[in-house]
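Structure record follows, encoded as structure tokens.
Readers should treat all values here as calculations from the given coordinates under stated rules, not as data from a laboratory. Predicted model, so just to flag it, every value in this text is computed and none were measured. Virtual Cβ from ideal backbone geometry, glycine too; neighbours counted across all protein chains shown.
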Amino acid sequence: LLEAAVVYGYFPCVSKDDDLIVLDDAGNERTRFTFPRQRRGRRLCLADFFRPEESGETDVVGFQVVTVGSRIGAETARMFEANAYRDYLELHGLSVQLAEALAEYWHARVRSELG
């Protein structure tokens, strides 16, 4: 039932205020993400951890998407429809934990690749 897969990549970026601006290969804005600030303490947001646009330098951001596949979801749906709730909950819980474990594993790989 498990069809685990990962897609990941690295993209040039800069930050500006609360935004992370992802750039294309020519240095133009591809897209941007706006992140909330912490309400207390140093009031940081994720954009604060990337080089600011005004520095004139670009940074790099890594994105990843993980999945355990659709077959396991179809099986949990079948179990739910069959009123096999315990089996459904156990398999669903396992699939969620497997996806989380795969994300953690790949995050460690990305960190290693980026040094």
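Here is the result for the stretch 59-92: no GluC sites (Glu not before Pro) lie in DSSP coil with at most 10 other C-beta atoms within 10 angstrom of their C-beta.
The simple spin-label model puts a point 7 Å past each Cα toward its Cβ; for ASP87 and ARG39 those points are separated by 4.5 nm. Our note on the geometry: Cα centres of the stretch 12-26 and the stretch 58-94, 32 Å apart. What net charge do the residues around VAL60 carry, taking every other residue with its C-beta under 12 Å from that of VAL60, with Lys and Arg at +1 and Asp and Glu at -1? My count for the surroundings of VAL60 gives -2.
In terms of surrounding Cβ atoms within a 10 Å radius of their Cβ, THR34, THR76, THR67 rank from fewest to most as THR34, THR67, THR76.
Expressed as a rounded percentage, what relative contact order does the chain have, with Cα pairs under 8 Å and six or more residues apart? Contact order relative to length: 28 percent.
Seen against the Cα atoms of the chain and their longest principal axis, helix 71-81 is set at about 50 degrees.
Relative to the first principal axis of the alpha-carbon coordinates of the chain, what is the inclination of helix 85-114, with its axis defined by its Cα atoms, in degrees from 0 to 90 and to the nearest 10? Result, in degrees: 30. Amide hydrogen proximity for ARG32: with H placed 1.01 Å from N in the peptide plane, the residues at 5 or more positions away or on another chain lying under 5 Å are VAL22. Name the shape class, rounded, prolate or oblate, that the alpha-carbon gyration tensor gives for the stretch 51-115, where a ≥ b ≥ c are the square roots of its eigenvalues, rounded holds for a/c under 1.5, and otherwise prolate holds if a/b is larger than b/c and oblate otherwise. Prolate. The overall shape of the stretch 13-64, judged from the alpha-carbon gyration tensor, is prolate: a/c is not under 1.5, and a/b is greater than b/c.
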